[in-house]
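Visitor: Could you have a look at this structure, given as structure tokens, before my questions?
The values are calculated or read from the model by the stated rules, or taken from the named source; none is laboratory data. Treat the numbers as computed from the prediction; the structure is a model and nothing was measured. Note that each Cβ is placed from the backbone with ideal geometry, even for glycine, and that neighbours are counted across all protein chains shown.
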Amino acid sequence: MKTGGKTLAAYSALYVAALYAPILFIAIFAFNAGTTIAFPLKGFTLQWFSQVFAAPALLEALWNSVRVALTASIVSTVLGTLAAKAVSRPNLPGRAVFLGLIGLPLLVPGIVVGISLLIVATGFGLTLSLSTIAFAHILFCTPFAMMIMLPRFEGMDPSIEEASRDLGEGPFMTFRRVVLPIAAPGILSSLMLTFSVSLDEFVLAFFLAGTDSTLPIFIWSQLRFPNRLPGVLALSTLILAFSFVLVLIAEKLRRMGASASSEGA
Amino acid sequence: MTVTAGAPPRRPSRLRSRIGADSRLRGYLLILPVLLFVGLSLLYPLGLLLLNSFWRQEGMDVVADFTFGNYAAFLGSPGQLLILGKSLLVSLAATLTVVLFSYPVAAYIAFGVQKHKALWLLAVTIPFWTSYLLRVFAWKIILGYNGVINSSLISLGIIDKPLEILLYNPFAVVLTLAHAWAPFALLPIFISLSRIDRSLIEAARDLGDSMFHVFCRVILPLSMPGVVAASLLIFIPTVGDYVTPQLVGGTSGLMVGNLIQSMFGRANNWPLGAAISVAAMIAVTAAACLFLHVTSRYGNTKGARR
């Protein structure tokens, strides 16, 4: 039993290491002076990182991605918060159907969602642009936002809301002055995580981009050229580092808020 | 939590008081905009995709004539059917790999970790939120002709020429998918494991069951909902994955997602692409139902649910 537990612990540590190893290789080779991705390493360099910011196409893609991700994160967090508040009542009739429907974009393969939206956009004669990407990303991010917000509302004591209503506040003021402050850490966490999801999303953007480009589309277009690989690695390292920081803060916020609301309940 | 006091109580209008009193109505009002949005941006497009699959392509235009021709063309093409079949098998293999490798870790975090549970969970959650494209791309670096594995083996003197069998085949796709989707398996299994009432395990132990029997008769059946959820969460979306087979699959590792993309790209036959998408989704749904049917016999998923 004791040795079994040790083996399991060692295996789990190995599993987590394997989870991170491929990402780590991206970072290692981004600092490698050699132009090919091969061991042994040729020495330390920062030149690939300086090249990254010298490419105007990349800066444009970055700016596009940020605009799309801001739109998608804000709108999806609003929608996800509304949905989570509604389904946090465990006895709401139709709850399971609502949960399934809103979660559907995670289950349907991205390519199918992408081409369906492409058919709709062409049918309406819309020009594919950042707006079509943002629209698709709102759809894709909403279930994530709902998932993040749901535990917060489920942990909330309903009597706080009742108290506010008994004291004469209308439902909208109750939402603003009671529910929203409790939900705030979750909302912040949701904004950050959906921002990260939208920033990294590729398939939907690929089908709906038209001539516009986002960061993942830019990376995809660069993968065909072996000599640009070091630059792609440097860019990837920056994106991964940014995501890591964002996710760490968001998860911290989520935990912090979660323990506060369960204490209040 | 402080509730700001001081504002005089407003007199609510009749509508407002009705919304205030009926919490069910309030719930529906909150969720209505979300449902409208999902309906408009997902159900309507999927409906149109279905409709498109019955139309036909003529030159550059799609003609709205009702026809089963696209489905007939797909079913009549052994090459395309083979790609769909292979996609199902590759996804199934990836799903099984992920679940088998992740289950012990989920069990360790649920039962073995006492102090740093949150840290372990964070460690397995972070990759979930980072770029899928980059996590897949990383495998190209590892398995490539001049990649991490080949160059390491050469510099260690184990091989003298790079191995070409690592990249661009279905196994590379299975490996990459399994790695990229690992967090999707771990979390649902962990949740269902941590919901198991510990006294059931203790009772089985006290009654003389070995740890192995406790696992087979108590832990595994009770964690089946998590295993089933994890499997479906991975199997269903990966069948239509585009990125992984495109990057590491080569020609032998192409999957149905790539086939669909080509119909909307180079081949320019949107209705046929739509028909293949619909056929793929039907096949996935059928496979998922079959899977649910089989697992419900083994694990008695209904009984284990809270």
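Visitor: Would you pick out the residues in the stretch A:149-163 that are more than 8 Å from chain B (Cβ to nearest Cβ) and of a type outside the set (S, T, N, Q)? So that I can check it myself, show each step before the final result.
Guide: Filtering the stretch A:149-163 down to residues more than 8 Å from chain B (Cβ to nearest Cβ) leaves A:149-159, A:161-162.
Passing the criteria: A:149, A:150, A:151, A:152, A:153, A:154, A:155, A:156, A:157, A:158, A:161, A:162.
Visitor: Shifting gears a bit: Within the stretch B:229-241, can you find the residues that are surrounded by 22 or more Cβ atoms within 10 Å (Cβ to Cβ) and in contact with a Phe, Trp or Tyr (Cβ under 8 Å, 6 or more places away or on another chain)?
Guide: B:230, B:231, B:234, B:235, B:238
Visitor: With the condition kept exactly as written, say whether any residue in the stretch A:72-91 is in a loop (DSSP other than H, G, I, E, B), more than 7 Å from chain B (Cβ to nearest Cβ) and over 28 Å from residue A:185 (Cα atoms).
Guide: Kept after step one, since they are in a loop (DSSP other than H, G, I, E, B), are these residues of the stretch A:72-91: A:88-91.
Right, trim to more than 7 Å from chain B (Cβ to nearest Cβ) and you get A:88, A:90-91.
Keeping just the survivors that are over 28 Å from residue A:185 (Cα atoms) gives none.
Checked the stretch A:72-91: no residue is in a loop (DSSP other than H, G, I, E, B), more than 7 Å from chain B (Cβ to nearest Cβ) and over 28 Å from residue A:185 (Cα atoms).
Visitor: Sticking with this one: Within 15 Å of residue A:13 (Cα to Cα), among the aliphatic types (A, V, I, L, M) and more than 7 Å from chain A (Cβ to nearest Cβ): does that describe residue B:121?
Guide: Working: within 15 Å of residue A:13 (Cα to Cα): yes; among the aliphatic types (A, V, I, L, M): yes; more than 7 Å from chain A (Cβ to nearest Cβ): yes.
Taking the combined requirement at face value, the residue satisfies it.
Visitor: I need the full set of residues from the stretch A:98-132 which are assigned to a helix (DSSP H, G or I), among the β-branched types (Val, Ile, Thr) and under 24 Å from the mean Cα position of the chain (by Cα), in order please. Before you say what the answer is, go through the steps one by one.
Guide: So the first thing to find is which residues in the stretch A:98-132 are assigned to a helix (DSSP H, G or I), and the list is A:98-107, A:110-123, A:130-132.
Narrowing further to those that are among the β-branched types (Val, Ile, Thr): A:102, A:111-113, A:115, A:119-120, A:122, A:132.
Selection gives A:102, A:111, A:112, A:113, A:115, A:132.
Visitor: Please indicate, with yes or no, whether at least one residue in the stretch A:182-190 is hydrophobic (A, V, I, L, M, F, W, C) and closer than 24 Å to residue A:107 by Cα. First the steps, then the outcome.
Guide: Narrowing the stretch A:182-190 to residues hydrophobic (A, V, I, L, M, F, W, C): A:182-184, A:187-188.
Of the ones still in play, those that are also closer than 24 Å to residue A:107 by Cα are A:187.
Scanning the stretch A:182-190 turns up at least one residue that is hydrophobic (A, V, I, L, M, F, W, C) and closer than 24 Å to residue A:107 by Cα.
Yes or no, residue by residue, for (1) out of contact with any helix residue (DSSP H, G or I) (no Cβ under 9 Å at 6 or more places or on another chain); (2) surrounded by fewer than 20 Cβ atoms within 10 Å (Cβ to Cβ); (3) at the interface with chain A (Cβ under 10 Å from one of its Cβ atoms):
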position: B:193; (1), (2), (3): no, no, no
position: B:214; (1), (2), (3): no, yes, no
position: B:217; (1), (2), (3): no, yes, no
position: B:223; (1), (2), (3): no, no, no
position: B:226; (1), (2), (3): no, no, no
position: B:249; (1), (2), (3): no, no, no
position: B:252; (1), (2), (3): no, yes, no
position: B:290; (1), (2), (3): yes, yes, no
position: B:296; (1), (2), (3): no, yes, no
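Visitor: Restricting the search to the stretch A:164-184, which residues are more than 7 Å from chain B (Cβ to nearest Cβ), touching a residue at least 12 places away in the same chain (Cβ under 8 Å) and either small (Gly, Ala, Ser) or out of contact with any Lys or Arg (no Cβ under 9 Å at 6 or more places or on another chain) (or both)?
Guide: A:183, A:184
Visitor: Still on this model: On the basis of being out of contact with any strand residue (DSSP E or B) (no Cβ under 8 Å at 6 or more places or on another chain) and part of a loop (DSSP other than H, G, I, E, B), does residue B:183 make the cut? Don't jump to the end; show me each part of the working.
Guide: Values: out of contact with any strand residue (DSSP E or B) (no Cβ under 8 Å at 6 or more places or on another chain): yes; part of a loop (DSSP other than H, G, I, E, B): no.
So residue B:183 does not fit the description; no.
Visitor: Here is a further query. Only one of these conditions is not met by residue A:98: (1) of a type outside the set (D, E, K, R); (2) more than 10 Å from chain B (Cβ to nearest Cβ); (3) without any contact (Cβ under 8 Å) to a residue 40 or more places away in the chain; (4) farther than 30 Å from residue A:214 by Cα. Which number is it?
Guide: Of (1) of a type outside the set (D, E, K, R); (2) more than 10 Å from chain B (Cβ to nearest Cβ); (3) without any contact (Cβ under 8 Å) to a residue 40 or more places away in the chain; (4) farther than 30 Å from residue A:214 by Cα, only one is false for residue A:98: (2).
Visitor: Considering only residues that are in contact (Cβ under 8 Å) with a residue 12 or more places away in the chain, assigned to a loop (DSSP other than H, G, I, E, B) and surrounded by 12 or more Cβ atoms within 10 Å (Cβ to Cβ), which ones fall in the stretch A:39-62?
Guide: Matches in the stretch A:39-62: A:41, A:45, A:55.
Visitor: Which count do you get for residues in the stretch A:1-37 that are within 10 Å of chain B (Cβ to nearest Cβ), within 20 Å of residue B:103 (Cα to Cα) and either of a type in the set (Lys, Arg) or outside any helix (DSSP H, G or I) (or both)?
Guide: 2
Visitor: For the subset of the stretch A:217-233 comprising residues that are at pLDDT 90 or above and more than 10 Å from chain B (Cβ to nearest Cβ), which member is nearest to residue B:125 (Cα to Cα)?
Guide: Across the stretch A:217-233, the extreme among qualifying residues is A:218.
Visitor: So, one more: When you go through (1) within 13 Å of chain A (Cβ to nearest Cβ); (2) without any contact (Cβ under 8 Å) to a residue 40 or more places away in the chain one by one for residue B:66, which number turns out not to apply?
Guide: (1)
Visitor: I'm trying to understand the selection: among the residues of the stretch A:140-195, which are among the hydroxyl-bearing types (Ser, Thr, Tyr) and closer than 27 Å to residue A:68 by Cα?
Guide: So the first thing to find is which residues in the stretch A:140-195 are among the hydroxyl-bearing types (Ser, Thr, Tyr), and the list is A:142, A:159, A:164, A:174, A:189-190, A:194.
Of everything in the stretch A:140-195, those that are among the hydroxyl-bearing types (Ser, Thr, Tyr) and closer than 27 Å to residue A:68 by Cα turn out to be A:142, A:189, A:190, A:194.
Visitor: Only one of these is among the hydroxyl-bearing types (Ser, Thr, Tyr), part of a helix (DSSP H, G or I) and more than 10 Å from every other protein chain (Cβ to nearest Cβ): A:190, A:213. Name it. Walk me through how you get there before you give the answer.
Guide: On the way: A:213 fails: part of a helix (DSSP H, G or I).
The match here is A:190.
Visitor: Could you grab me the full set of residues in the stretch B:119-150 that are assigned to a helix (DSSP H, G or I), more than 24 Å from residue A:4 (Cβ to Cβ) and more than 21 Å from the chain's Cα centre (by Cα)? Let's see the steps before the verdict.
Guide: Within the stretch B:119-150, the first condition is being assigned to a helix (DSSP H, G or I), and the residues that meet it are B:119-129, B:132-143, B:148-150.
Next, from what is left, pick out any that are more than 24 Å from residue A:4 (Cβ to Cβ): B:122, B:125-129, B:132-143, B:148-150.
Listed by number, the residues that qualify are B:140, B:141, B:142, B:143, B:148, B:149, B:150.
Visitor: So the check is Cβ under 9 Å with 6+ separation or different chains; which pairs have a first residue in the stretch A:115-133 that's farther than 20 Å from residue B:261 by Cβ and basic (Lys, Arg) and a second one that's at pLDDT below 95 and assigned to a helix (DSSP H, G or I)?
Guide: Qualifying pairs under 9 Å: none.
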